[in-house]
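The values are calculated or read from the model by the stated rules, or taken from the named source; none is laboratory data. From a predicted model like this one, the values you see are computed outputs, not experimental measurements. Every residue, glycine as well, gets a Cβ built from its backbone with ideal geometry; the counts of neighbours run over all protein chains shown. All accessible areas refer to the heavy atoms of the entire protein, side chains included, with ligands and DNA or RNA removed. Shrake-Rupley method; radii C 1.70, N 1.55, O 1.52, S 1.80 Å.
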Amino acid sequence: MITSYTNQGGAMPDRVVSIKGIPHLYFSGTAYLCMNHNEAFTQLIQEGMQLYGTNYGSSRSGNFQIPVYEEAEAAMSVQFRSEASLTLSSGFMAAQLVIRQYENKASFIYAPDSHPALLRTKKDYTIGSFKEWADRLPETIAMNPANELVIICNSLDPLKAAYHDFSWINHLPHHKSITLIVDDSHGLGVTGENGEGIYAALGTKSGIDLIVVSSLGKAMGLPGGIIISTKENIAEFRKSSYYTAASPMAPAYLHAYLHAGSIYAEERVRLKHNIQFFQSSLNRNSAFQYAEQYPVTYCHKNELAGFLLAQNILISSFSYPTSSDELITRIILNSHHTRHDIEQLLNAIQAFTSS
């Protein structure tokens, strides 16, 4: 049974949490840029709430429009280097809107460990090696009689801390209509030169219709989701009942996003420095696996979590995607960790690997 811990006082964790009155260094969570603890960003949200209130419980397809949505989506399209984008109330809603749009129009091919938000039913979920799946993909497509295909995968593996090789896109057949839907929830905001995520890297590939869906609640610190694609696709998604019938994300957060470019940039720089220091000091220890310039480090030895907890360091260690699945143990850096925090972590890891 996995033990869960609560931050004393109920506060959101930053770089330190209090467990039973004792401060613990916190190397977990998905707030990679710590926007949830950034004072300047919080002030922008409060400013937005003064302008727009705490929420907007209406449809964006109604006959009254709030310009901040269109303005923020235009700015996001620039940052994420796409033709267009569309925000929704959550990453799950964004993924489901796209999936349901193609549900009865094409044959679906799922990569292993695709995010649950991308699934139509539980039967779509498979496990295995992404590389082996990609190697078999030409044969899988050749054996599929459908002329319209939807290929679905994650942009990277945030659990085992590995980037996916997408070179297989260049070898997809041109005689079939292929749509590629990629979940970039754990990359958007931290991967790419300016946090643009994967769309720009994949969007230049010919012969595919690319759609990226993502939560904005991780690195971006915004309670919402996004669809990134072509103008034509976004226009079609606006016609979906998932878009029309659902309330949008709170406009105050989009106001904050529009004015937070320099804040995001500063936090990305801090995070990159922390990652560089940690990865260069870890020296490819065989117990650990990580991807260059990515804030997650996977550990093959689950007992690390208990050892570090005894040193007042809390890392991520729980079964995923369900409680009956294997235990996943990870160290997750964020932009607010100090050099001393990371040195303390490294010293504890050294003691663990030497014991």
Quick one: 3J(HN,Hα) in Hz for the range 93-98, Karplus 6.51/-1.76/1.60 with θ = phi - 60°, rounded, Gly and Pro as x. 5, 4, 5, 5, 4, 5
Looking at the range 197-290, which trypsin sites (Lys or Arg not before Pro) are in a loop (DSSP not H, G, I, E or B) and have at most 15 other Cβ atoms within 10 Å? 205, 238, 239, 284
Counting DSSP beta bridges with both partners in the chain, what percentage is antiparallel, nearest 5? 60
What accessible area per residue, rounded to a whole number of Å², is obtained for the range 41-179 using a probe radius of 1.4 Å? 52
Which of the lysines could be linked to residue 301 by a straight reach, that is with a Cα gap under 20 Å, when you skip same-chain ones fewer than 8 residues away? 160
Which longest uninterrupted range of the chain lacks any GluC sites (Glu not before Pro) assigned by DSSP to a loop state (not H, G, I, E or B) and surrounded by at most 16 other Cβ atoms within 10 Å? 194-291
Listed residue (241, 283, 297) projecting farthest to the positive dipole end of the range 234-355, Cβ model: 241
Across bins of 20 angstrom width beginning at 0, how are the C-alpha pair distances of the chain distributed, in whole percent? 28, 57, 15, 0
Residues meeting the amide H criterion for residue 154 (H placed from the backbone, H to H distance under 5 Å, 5 or more places apart or on another chain) are 115, 183
Check residue 34: other-chain or 5+ apart residues with amide H under 5 Å from its amide H, H built from backbone geometry? 335
In cubic angstrom, how much convex hull volume per residue do the alpha carbon atoms of the range 85-135 span? 103
Label-point separation, residue 230 to residue 309 (7 Å along Cα→Cβ), nm: 5.1
For residue 176, go through the aspartates and glutamates and keep the ones whose alpha-carbon is under 16 Å away, minus same-chain ones fewer than eight residues off. 139, 148, 209
